[in-house]
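Quick notes on the structure that follows.
The values are calculated or read from the model by the stated rules, or taken from the named source; none is laboratory data. Here the structure is a predicted model, which means the values were calculated and not measured. Virtual Cβ from ideal backbone geometry, glycine too; neighbours counted across all protein chains shown.
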């Protein structure tokens, strides 16, 4: 078939090689002969490979209808913080694995389209949106023909390397329906734990927003090790909401909100508002499902973590994403703590990488927690780890209970020689506090300690 035979379908090439054709809008510099339609290779269709959905331009921008009746206990709630969530100018939206995949563990284009529709409707209000997307490992299971969630690290990382590509491809395709670009941001716990790297991630997310792109954040499961992980993307979303100075956090999964027990059990009561830890007394939360790593316990922990940073949280089902992003009258609302931590103290407690441990006697524990005093050498009974001046270290009680964290003023070698000694008995060079009160942050109660 010659080029002349194809004039109805292709513009003639320009006299100058590579010149653009005004009629076609692209450059044609192919061979003079067009190959006949090819036949697929023998292995085509024998494996469950991902087939991207079509890019069909959207014609309207509106919130999807909620998949919940108005008389459902999770629907129709109001509070001042729900109003703040509904009007928040910068939000983080975490999507669970089960909300992104089908029953076979493959990326579900229809579900991603529903999510993108709701996010675009919220952005049309002038809201900046940051997405924390789970599902890399789950989305890699189908194409790799894995019937169960991997348990060994190498297979998890292999599945994540496949799934991350497919997820990014589908997010890009779905937002392309609105003429919008996405940017992928892969983080490890080490990235959040080192201050300079955390700032770099923060700048990347901020710049993507300024350029009107949607940041899609996920844990970098392909390189994260079992010792240096966020644990689940609910916790990652809470930390991202802090790093991005978000005004609200949405935790979306496969449950309508928080119940005091499994909602399938008779007599389960819905919990609409969590104002403090008192509202969680008697609540029994379970672990993750077939594809996810979190579960309700992880979501409650992440919600309380975000509230400690002063960020209100709405917890509900992805099926209710339209109602959640629109008026926020569905699901469970976690109120932010009034005594929110400063950005530095929050980072030290919940994100920073610890380089050692200082064991304290009871008097020193009382001084740093109740008295908010600087930590002195006389109250330290033992030093663990090899650290340098300026590193962050854990502060623990005699029983090994984690009390807080702080920036240490001595390296481990020098500190080991002065512990248990009164300041007056030390040389001038060693009379400064081991951890100054300004660089020491404590946990207010055991419920908020890292898991």
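Details
- Qualifying residue in the stretch 137-146 (condition: assigned by TED's automatic domain parsing to the domain that holds residue 185, over 30 Å from residue 59 (Cβ atoms) and touching a strand residue (DSSP E or B) at 6+ places or on another chain (Cβ under 6 Å)): yes
- Candidates 382, 337: the one that is more than 30 Å from residue 116 (Cβ to Cβ), in the same structural domain as residue 114 (by TED's automatic domain parsing) and surrounded by 13 or more Cβ atoms within 10 Å (Cβ to Cβ) is 337.
- Residue check, residue 172 under 24 Å from residue 102 (Cα atoms), touching a strand residue (DSSP E or B) at 6+ places or on another chain (Cβ under 7 Å) and modelled with pLDDT under 90: no
- When each of 328, 324 is tested for being crowded, with 22+ Cβ neighbours inside 10 Å, touching a helix residue (DSSP H, G or I) at 6+ places or on another chain (Cβ under 6 Å) and over 21 Å from residue 191 (Cα atoms), the lone residue that passes is 328.
- Residue in the stretch 334-347 that is in contact with a strand residue (DSSP E or B) (Cβ under 6 Å, 6 or more places away or on another chain) and under 15 Å from residue 272 (Cα atoms) present: yes
- Among the candidates 110, 65, residue that is in the same structural domain as residue 271 (by TED's automatic domain parsing) and outside any strand (DSSP E or B): 110
- Only one of 140, 126 that is free of Cβ contacts under 8 Å to residues at least 40 places away in the same chain and touching a helix residue (DSSP H, G or I) at 6+ places or on another chain (Cβ under 8 Å): 140
- Candidates 249, 258, 243 - the one that is surrounded by 23 or more Cβ atoms within 10 Å (Cβ to Cβ) and either at pLDDT below 90 or out of contact with any strand residue (DSSP E or B) (no Cβ under 8 Å at 6 or more places or on another chain) (or both): 243
Per-residue answers, yes or no, for (1) under 30 Å from residue 278 (Cα atoms); (2) assigned to a helix (DSSP H, G or I):
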{"site": "365", "(1), (2)": "yes, yes"}
{"site": "386", "(1), (2)": "no, no"}
{"site": "389", "(1), (2)": "no, no"}
{"site": "405", "(1), (2)": "yes, no"}
{"site": "410", "(1), (2)": "no, no"}
{"site": "418", "(1), (2)": "no, no"}
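- Looking across the stretch 78-101, just one residue is closer than 23 Å to residue 296 by Cβ and out of contact with any strand residue (DSSP E or B) (no Cβ under 7 Å at 6 or more places or on another chain), and that is 97.
- When the criteria are applied in full, residue 206 fails the requirement of being surrounded by fewer than 16 Cβ atoms within 10 Å (Cβ to Cβ) and either at pLDDT 85 or above or in the same structural domain as residue 106 (by TED's automatic domain parsing) (or both).
- Selection from the stretch 177-199 of residues that are closer than 20 Å to residue 167 by Cβ and surrounded by fewer than 16 Cβ atoms within 10 Å (Cβ to Cβ): 181
- Residue 86 fulfils the conditions (1) modelled with pLDDT of 50 or more; (2) assigned to a loop (DSSP other than H, G, I, E, B) except for a single criterion, (2).
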